[in-house]
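Q: Before anything else, here's the structure in question.
The values are calculated or read from the model by the stated rules, or taken from the named source; none is laboratory data. In this text the structure is predicted, and so the values were computed from the model without any measurement. All Cβ positions, even for glycine, are placed from backbone atoms using ideal geometry, and neighbour counts span all protein chains on display.
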Amino acid sequence: MDLQKIQHGSIQKEMEILELKLTEFLSSEVSLATKVASYLVKSGGKRIRPTLTILTGKAFGYKDKNLITLACAIELLHTASLIHDDVVDQSDIRRGKTSIHRKWDNAHGVLVGDFVYSKAFQLMSSLENNKIITILANSTNRISEGEILQLTLKKKNKIKEKDYFDIIGRKTAELFKASVQSATLLAKASQDQYQSMTNFAYSLGIVFQLNDDLLDYMGKEFQTGKKIGKDFEEGKLTLPLIKTLDLCTKKEASLIRSSLLSRKFENFKEIRCIIESSGALNEIDKIIQKYSSSCLSELEKLPSSPYKESLKQIVRDLG
């Protein structure tokens, strides 16, 4: 996805201010808190969630500086969740760099994640908009629920497709939705437009996660900023494996389940071949196309603008 082209286009000024503000907002009297939190923020990342916030606000004609404050709060919420994710999953790499809990320790990961969350909520409260605060608070709660649900089902080593979509709906699509909903509220768009943008963002979040899960098996490390096969190594059942288990032979399914349970990464290449030959990738592509079509349909309800076109381009790049 060529997101940088969009970020360096009609919203370049806003994205530059966003980067400056993220650093500014993370400052603390406790220098180590600033240092550790800034480590991950300065490592980059796609910034797709604040990009959606800014594009949405602009698409509805909003020009106030509060849009950047909101976008920063969204990115900090996301960053905090990543820090905690890495501690739970014991991940070594995040955004191509050593994860915080590996560079420092688990205690730093947990506490700095809390610090970043608190900074996000300080920003949210500065907007003085109770509806936006409620949306973001509820989303933070649902994201946490998604983490707990994933951890619970992971121990059973058996996740149904319905469970998978429930998890990614909470863990990923929820913050996409909140990013857009809050910007729509800030811009005082109509109720119909609010609902359309809600539908758009949730579907886009699903598409984003489906692509991310595919890349974990079929991508390259330079594309993802994390080790390929990370989900497999952590024993996570994502849609590529869920679909494959439905389509492959009993012998292949037995190999997948036993390898996932024992974390036998030496079987990863063989399992990747099974995924490719099973037809699972075609099935997932159909699902991606369905959600992408829904995104584009909802965006047609927006007024014409370069920002609307950028949102449509994001969908096309992902789909």
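Q: When you look at I148, is it surrounded by 15 or more Cβ atoms within 10 Å (Cβ to Cβ) and on the phi < 0 side of the Ramachandran plot, yes or no?
A: When the stated conditions are applied, I148 does not pass them.
Q: If I filter segment 16-38 down to residues being surrounded by 21 or more Cβ atoms within 10 Å (Cβ to Cβ) and under 19 Å from the mean Cα position of the chain (by Cα), which single residue comes out as farthest from F208 (Cα to Cα)?
A: This residue is A37.
Q: Could you say whether any residue in segment 253-262 is among the basic types (K, R), modelled with pLDDT under 95 and outside any helix (DSSP H, G or I)?
A: Within segment 253-262, none of the residues are among the basic types (K, R), modelled with pLDDT under 95 and outside any helix (DSSP H, G or I).
Q: Looking at segment 215-226, can you tell me whether even one residue there is β-branched (V, I, T) and either in contact with a Gly (Cβ under 7 Å, 6 or more places away or on another chain) or buried (at least 19 other Cβ atoms within 10 Å of the Cβ) (or both)?
A: no
Q: Here's another thing I want to ask about it. So which pairs qualify, if the first residue must be in segment 57-71 and over 15 Å from E128 (Cα atoms) and among the hydroxyl-bearing types (S, T, Y), the second must be modelled with pLDDT of 95 or more and surrounded by 12 or more Cβ atoms within 10 Å (Cβ to Cβ), the Cβ gap must be under 8 Å, and the two must be at least 6 apart or on different chains?
A: Y62/A183; Y62/L186; Y62/A187
Q: Looking at segment 100-126, I want the residues that are free of Cβ contacts under 8 Å to residues at least 24 places away in the same chain and have a partner that is hydrophobic (A, V, I, L, M, F, W, C) and assigned to a helix (DSSP H, G or I) with Cβ atoms under 7 Å, at least 6 apart or on another chain. Which pairs are those?
A: H101/V87; N106/V87; S125/I133
Q: I've got another one for you. Check T23 against each of (1) touching a residue at least 40 places away in the same chain (Cβ under 8 Å); (2) part of a helix (DSSP H, G or I) and name the one condition it does not meet.
A: (1)
Q: Suppose we filter segment 239-260 for residues that are of a type in the set (D, E, K, R), farther than 20 Å from D285 by Cβ and exposed (fewer than 15 other Cβ atoms within 10 Å of the Cβ); how many remain?
A: Looking only at that region, the number is 2.
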